[in-house]
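Engineer: Starting off with a structure, shown below.
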Amino acid sequence: TKRFIAEEGPFDAVIGFSQGAALAASLLIHQSKTYPAEPSLFRAAVFICGAAPWESSGLEHIAPQPDVHPITIPTANIVGKADSLFSEGLKLSKLCEPAKATFYDHGSKHMVPFDAKNTEEMARIIKETVAKAIRG
């Protein structure tokens, strides 16, 4: 993955839904732990209905710890309170640096809602996240 990013990138942002969000978060956390002096692989991340990320061993979830936020880039954390993975999405959002994280609950199930209100709000927070990444 890192080789692909190096060869095909750079990429400004990553977006993941469900396990894709967990994978993207796991990759970001692994990169920051393994190569702390290197810049992040992406400038921003969008996590939609995200599952909790896994340690690189794949044996356990990465648990949030008080005052520790291993994902330091701007993030949009989009969840649905009726989603069976809602609690995992909350855990994922707690791994993100609060000053750079935006949180939105679309109120629905494990899906990307397509109604006008939610579409507008999701677009707004994604734009806000990208703007934070551009400002640095």
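Engineer: Can you find, among SER18, GLY80, ILE125, the residue farthest towards the positive end of the dipole of the chain? Put +1 on the C-beta of Lys and Arg, -1 on that of Asp and Glu.
Structural biologist: ILE125
Engineer: If contacts are Cα pairs under 8 angstrom and at least 6 residues apart, what is the relative contact order of the chain in percent?
Structural biologist: 22 percent
Engineer: Report, to the nearest whole %, how much of the accessible area of region 36-136 belongs to carbon and sulfur atoms, 1.4 Å probe, protein only.
Structural biologist: The nonpolar share, carbon plus sulfur, comes to 59 percent.
Engineer: Whole Å is fine, so just give me how far the alpha carbon centre of region 28-52 lies from that of region 80-136.
Structural biologist: The distance from the Cα centre of region 28-52 to that of region 80-136 comes to 16 Å.
Engineer: Find, among the GluC sites (Glu not before Pro) in region 1-93, those assigned to loop by DSSP (not H, G, I, E, B) with at most 15 other beta-carbon atoms within 10 angstrom.
Structural biologist: GLU55, GLU60
Engineer: Pop a pseudo-label 7 angstrom from the Cα along the beta-carbon direction at both SER40 and LEU59 and give the gap in nm to one decimal.
Structural biologist: The answer from the label model is 2.9 nm.
Engineer: For the pair ILE15 and ALA82, how long in nm is the line joining their label points, each one 7 Å along Cα→Cβ?
Structural biologist: Going by the 7 Å Cα→Cβ label model, 2.3 nm.
Engineer: In addition: With both partners inside the chain, how many of the DSSP beta bridges are antiparallel, as a percent to the nearest 5?
Structural biologist: 10 percent
Engineer: May I ask for the equivalent-ellipsoid semi-axes of the chain, computed as the square root of five times each C-alpha gyration tensor eigenvalue and listed largest first in whole Å?
Structural biologist: Value: 23, 18, 14 Å, ordered largest first.
Engineer: Oh, and also: Given springs between every Cα pair under 10 Å in a Gaussian network model of the chain, which of THR102, THR34, THR119 has the largest fluctuation?
Structural biologist: Result for the chain, Cα springs under 10 Å: THR34 fluctuates most.
Engineer: Let me ask another. What whole-number value in Å² describes the accessible area per residue of the chain for a 1.4 Å probe?
Structural biologist: Per-residue value: 57 Å².
The values are calculated or read from the model by the stated rules, or taken from the named source; none is laboratory data. Predicted model, so just to flag it, every value in this text is computed and none were measured. Quick reminder, even Gly has a Cβ in these numbers, built from the backbone with ideal geometry, and neighbours come from all protein chains shown. In case anyone asks, the SASA skips ligands and DNA or RNA and just uses the protein heavy atoms, side chains included. Shrake-Rupley method; radii C 1.70, N 1.55, O 1.52, S 1.80 Å.
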